[in-house]
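The values are calculated or read from the model by the stated rules, or taken from the named source; none is laboratory data. This is a predicted model, so every value here is computed, not measured. Virtual Cβ from ideal backbone geometry, glycine too; neighbours counted across all protein chains shown. Just the protein is used for accessible areas: all its heavy atoms, side chains included, with ligands, DNA and RNA removed. Shrake-Rupley method; radii C 1.70, N 1.55, O 1.52, S 1.80 Å.
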Amino acid sequence: MAQPHEIDPKVRDAYWKGTMRITWIILVLWFVSWVVPLIFHDPLNRIVLFGFPMSYWFAGQGSLAFFIVLIVWYAVYMNRLDREHGLQEDQV
C-alpha cells in the first residue's frame, strides 16, 4: 500500500490541481444554482407549472436534483482522475 510520501511529487501536484479545479467548479455551480432563483424570483413566479410557480420548482425540487447531479459528476470525475494518476483505491 502506497504511503503519501511514496507518491511522486509531480503526480501529487497534478492530482491536487485537478481536485481543486473540480471542487471550485462544483462550488461555483452550486452557488449559482442557489442564487439565480433568488435573483429572478419575480420573473419565475409569472411562470406556473402544475399549479406552482417556477421559483418553487427551482428552489424546492430543482436545487435538490441539481445537487445530486453534482455529487454524481464529482464521483465520476474523481474516479477518472484517480485512474489517470494511478491512485485508484485498488492499486494504492
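Being of a type in the set (Phe, Trp, Tyr) and surrounded by 15 or more Cβ atoms within 10 Å (Cβ to Cβ) is the filter here, so list the residues in segment 34-66 that pass it.
Keep residues of segment 34-66 that are of a type in the set (Phe, Trp, Tyr), which gives 34, 40, 50, 52, 56-58, 66.
Within segment 34-66, TYR56, TRP57, PHE58, PHE66 qualify.
Could you check, for segment 55-64, whether at least one of its residues is at pLDDT 85 or above and in contact with a His (Cβ under 8 Å, 6 or more places away or on another chain)?
Within segment 55-64, none of the residues are at pLDDT 85 or above and in contact with a His (Cβ under 8 Å, 6 or more places away or on another chain).
Among the residues of segment 31-43, are any touching a residue at least 40 places away in the same chain (Cβ under 8 Å) and closer than 30 Å to ASP13 by Cβ? Steps first, answer last, please.
In the first step, residues of segment 31-43 are kept if they are touching a residue at least 40 places away in the same chain (Cβ under 8 Å); the result is none.
No, every residue in segment 31-43 fails to be touching a residue at least 40 places away in the same chain (Cβ under 8 Å) and closer than 30 Å to ASP13 by Cβ.
Starting from segment 73-92, keep only residues that are under 16 Å from TRP16 (Cβ atoms), then list their pairs with residues that are open to solvent by 100 Å² or more (accessible area, probe 1.4 Å) whose Cβ atoms are within a distance under 7 Å, requiring at least 6 positions of separation or different chains.
Pairs that qualify, where the first residue is under 16 Å from TRP16 (Cβ atoms) and the partner is open to solvent by 100 Å² or more (accessible area, probe 1.4 Å), are VAL92/MET1.
Could you give every pair whose Cβ atoms fall below 6 Å, whose first residue belongs to segment 49-64 and is over 14 Å from VAL36 (Cβ atoms), and whose second residue is open to solvent by less than 60 Å² (accessible area, probe 1.4 Å) and part of a helix (DSSP H, G or I), counting only separations of at least 6 or pairs across chains?
The qualifying pairs are PRO53/ASN45.
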